[in-house]
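J.: One structure, as C-alpha cells, below. Some questions next.
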Amino acid sequence: MIEQVVILAGGLGTRLRAVIGETAKPMAPIADKPFLEYLLRMLRENGFTKFLLLVGYKGESILEYFQDGSKLGVKLTYALEDEPKGPGGALLNAWERLQDEFLLVPGDSFCDVAYTILQRFVSEKPVNALVVLRYSNDTSRYGFVEIDEEYKVKKFVEKGYLPADRVDGYINGGIYYFKKSVRKQFFENYNGEALSLETQILPALVAQTELYGLPMGGKFIDIGVAEDYWKAQKIIPSWLKAERKACLFIDRDGTIIEDPGYIHGEELNFKRDTIEIMRNAKGEGKLVIIITNQAGVAKGMFSEEESVKTTEAVVKHLAMNGITVDAYYYCPYHPDGSVEKYKKISLLRKPEPGMILRACEDFRIDLERSAVVGDNPKVDRIKLFGIGEFQIL
C-alpha cells in the first residue's frame, strides 16, 4: 500500500514570473488559497496523509505557510535543495527520506486521477516504476508514449515526430510511482549534478523494461502556463466541489438503436431493453454518456456532420422519454478509411479508451463504479484498467 507522496515543489516558475512575481510557483494563488493547498487537499481526499515536499526556490514561504501540515490533517516533511538539480536530482538529494515505495507528483500541476485504481494496479502487477499517462489530441506540444498490451512502456516519442497515420496519443501525465530499489542504481552513481527525470532516468528504465505506463482519466491543469493558470482560478475550486459520479458508458449503433449497417439519418429503431437500462442508471444518479465508433465517416458512407445529426436525434428521442444524456463522444477515424482526413489510427476508436478518458476530463467520474454497455465484445470491452464492469447485450 502506497503511503508516501513526494511533491516536487522547488520550481522557479519563470514562465509565470510576469503573473505571480517572485512567489514560489506552488504558492501561486488560486482563488483565495495557494495552489499547493488544493493539491494537498485533493490527495488527502484520495487517502494520502504523508507527504515529503522537495523545496528549493522560496522554499521558506512554503514551510512557513504549511508548517507540519496538521492544519490540513496531513503530515508534511521537507527536503531543501540549495540549487536546482532537476526533478531527478531533487529526488536523489532526498534519498534518506524516501520510503520503500512512493508516488512522485508535480507541485505545479493538478491531475485528479483515481489513485485507488493506481494502487490496485501496482499491487496486482510486478511494478517497480510507473508513469501515469493521459490522452491527448495535441501530441505536437508534448510528444507521446507507446505502451504494449501489458502496459509496459515501449518508447517515448519526442514532440514533432507523430507518425502521419496517427491523430492522437498518450502523453506523460507527470505522476509517477517508484519502488526505491529501482532508483538505487541512479543514487549509487549520483555526484550531485543536475539530473533529468524525463531524458535520463525514464529512458534508462524503458531500456531495462522496468517502466509501466498506465492510462488514466481526470481533470488536468498545468498552472505553469499563464493561460492555464488563469483558467485554473475557476476550474480547480469548482472541480473539487463536484461529486464524483459513476457513469454508464453506452454504445450507440446496435445497442441503443438497431444497426442494419452504417446507420445514419433520423429514421431510427430504438431498443426498449437498452432504454430501460439507461433509465435505471439515471434513477441511480449515474451519468449516461454515449461512446460510438463512426467508421462510416472514414469510409465515406456519410459525413461527420451527418453522424453528429444522427446522435443528436438519438439524444432528442431519449430526452422525450425522460432520459437525459449527459454527453456523447464519437470516433470518425479508421485506419482502413477511404477519406484521407479520417484514415488514421486513433485512441478514440474502441476498444481503445480515448473517448472514456476524454469524458473523465470533462466530468468527475468514478470509473470503478462505472460500466460499459455495448453489443460487440471485441469492440466494447474497453482497454482500460480499473473500469467497473462490461455488459454485452
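The values are calculated or read from the model by the stated rules, or taken from the named source; none is laboratory data. Keep in mind that what you see is a predicted model, and the values were worked out from it rather than measured. All Cβ positions, even for glycine, are placed from backbone atoms using ideal geometry, and neighbour counts span all protein chains on display.
J.: In this structure, is Pro87 farther than 27 Å from Asp366 by Cβ and buried (at least 21 other Cβ atoms within 10 Å of the Cβ)? Quick ask: steps written out before the conclusion?
T.: Working: farther than 27 Å from Asp366 by Cβ: yes; buried (at least 21 other Cβ atoms within 10 Å of the Cβ): yes.
So Pro87 fits the description; yes.
J.: Here's another thing I want to ask about it. Need a quick list: strands (runs of 3 or more DSSP E) entirely within the stretch 124-167 having at least 3 residues that are buried (at least 21 other Cβ atoms within 10 Å of the Cβ).
T.: Correct list: 129-136.
J.: I would also like to ask the following. Take the stretch 1-27 and flag every residue that is at pLDDT 75 or above, assigned to a loop (DSSP other than H, G, I, E, B) and in contact with a Pro (Cβ under 9 Å, 6 or more places away or on another chain).
T.: Matches in the stretch 1-27: Gly10, Thr23, Ala24.
J.: Follow-up. For a quick check of your reading: which strands (runs of 3 or more DSSP E) sit entirely within the stretch 204-305 and have at least 1 residues that are over 27 Å from Leu347 (Cα atoms) and basic (Lys, Arg)?
T.: none
J.: What residue, among those in the stretch 66-84 that are assigned to a strand (DSSP E or B) and either acidic (Asp, Glu) or touching a Lys or Arg at 6+ places or on another chain (Cβ under 8 Å) (or both), is surrounded by the most Cβ atoms within 10 Å (Cβ to Cβ)?
T.: Once the filter is applied, the top-ranked residue is Ala79.
J.: Scan the stretch 36-53 and tell me whether some residue there is closer than 20 Å to Val225 by Cβ, touching a Pro at 6+ places or on another chain (Cβ under 8 Å) and hydroxyl-bearing (Ser, Thr, Tyr).
T.: Yes; the residues of the stretch 36-53 include at least one that is closer than 20 Å to Val225 by Cβ, touching a Pro at 6+ places or on another chain (Cβ under 8 Å) and hydroxyl-bearing (Ser, Thr, Tyr).
J.: Which of the residues spanning the stretch 365-392 are polar (S, T, N, Q) and surrounded by 20 or more Cβ atoms within 10 Å (Cβ to Cβ)?
T.: Ser370
J.: Among the residues in the stretch 310-331, are any part of a strand (DSSP E or B), among the hydrophobic types (A, V, I, L, M, F, W, C) and under 28 Å from the mean Cα position of the chain (by Cα)?
T.: yes
J.: Checking Leu63 against (1) surrounded by 14 or more Cβ atoms within 10 Å (Cβ to Cβ); (2) free of Cβ contacts under 8 Å to residues at least 24 places away in the same chain; (3) under 30 Å from Asp168 (Cα atoms), which single condition isn't satisfied?
T.: (3)
J.: Filter the stretch 70-88 down to the residues that are under 27 Å from the mean Cα position of the chain (by Cα) and closer than 26 Å to Glu45 by Cα and list them by number.
T.: Correct list: Leu72, Gly73, Val74, Lys75, Leu76, Pro87.
J.: Out of all the residues in the stretch 367-393, which are assigned to a loop (DSSP other than H, G, I, E, B), out of contact with any strand residue (DSSP E or B) (no Cβ under 6 Å at 6 or more places or on another chain) and closer than 15 Å to Met216 by Cβ?
T.: Passing the criteria: Lys383, Leu384, Phe385, Gly386, Ile387.
J.: Residue under question is Tyr212, and the condition is that it be over 30 Å from Asn280 (Cα atoms), of a type in the set (Ser, Thr, Tyr) and within 18 Å of the chain's Cα centre (by Cα); does it hold?
T.: Yes; evaluated as a whole, the condition is true for this residue.
J.: Cβ-Cβ distance below 8 Å, separation of 6 or more or different chains: which pairs start in the stretch 78-94 with a residue that is not assigned by TED's automatic domain parsing to the domain that holds Gly174 and end on one that is small (Gly, Ala, Ser)?
T.: Qualifying pairs under 8 Å: none.
J.: List pairs: first residue in the stretch 309-321 and without any contact (Cβ under 8 Å) to a residue 12 or more places away in the chain, second residue basic (Lys, Arg) and in a helix (DSSP H, G or I) anywhere in the structure, Cβ distance under 7 angstrom, at least six positions apart or on different chains.
T.: Here the result reads none, with nothing in the stretch 309-321 linked to a residue that is basic (Lys, Arg) and in a helix (DSSP H, G or I).
J.: What are the pairs with Cβ atoms under 7 angstrom where one residue, in the stretch 145-168, is over 23 Å from Thr209 (Cα atoms) and the other, located anywhere, is of a type in the set (S, T, N, Q) and in a loop (DSSP other than H, G, I, E, B)? Sequence gap at least six, or different chains.
T.: Close Cβ pairs satisfying both conditions: Val167/Asn137; Val167/Ser346; Asp168/Asn137; Asp168/Ser346.
J.: Now, a different point. Would you point out the residue of the stretch 29-41, among those that are surrounded by fewer than 21 Cβ atoms within 10 Å (Cβ to Cβ) and in contact (Cβ under 8 Å) with a residue 40 or more places away in the chain, that is nearest to Arg97 (Cα to Cα)?
T.: Residue satisfying both the conditions and the ranking: Arg41.
J.: I'd like the full set of residues that are modelled with pLDDT of 95 or more and buried (at least 21 other Cβ atoms within 10 Å of the Cβ), limited to the stretch 171-183.
T.: Ile175, Tyr176, Tyr177, Phe178
J.: When the residues of the stretch 1-28 are filtered to those that are among the charged types (D, E, K, R) and crowded, with 16+ Cβ neighbours inside 10 Å, which remaining residue is nearest to Ala79 (Cα to Cα)?
T.: Initial filter on the stretch 1-28 (among the charged types (D, E, K, R)): 3, 15, 17, 22, 25.
Still in the list and also crowded, with 16+ Cβ neighbours inside 10 Å: 15, 25.
On the way: Arg15: 24, Lys25: 17 Å.
Only one residue tops the list, namely Lys25.
J.: Tell me which residues, restricted to the stretch 47-56, are surrounded by 15 or more Cβ atoms within 10 Å (Cβ to Cβ) and either assigned to a strand (DSSP E or B) or touching a helix residue (DSSP H, G or I) at 6+ places or on another chain (Cβ under 8 Å) (or both).
T.: Phe48, Lys50, Phe51, Leu52, Leu53, Leu54, Val55, Gly56
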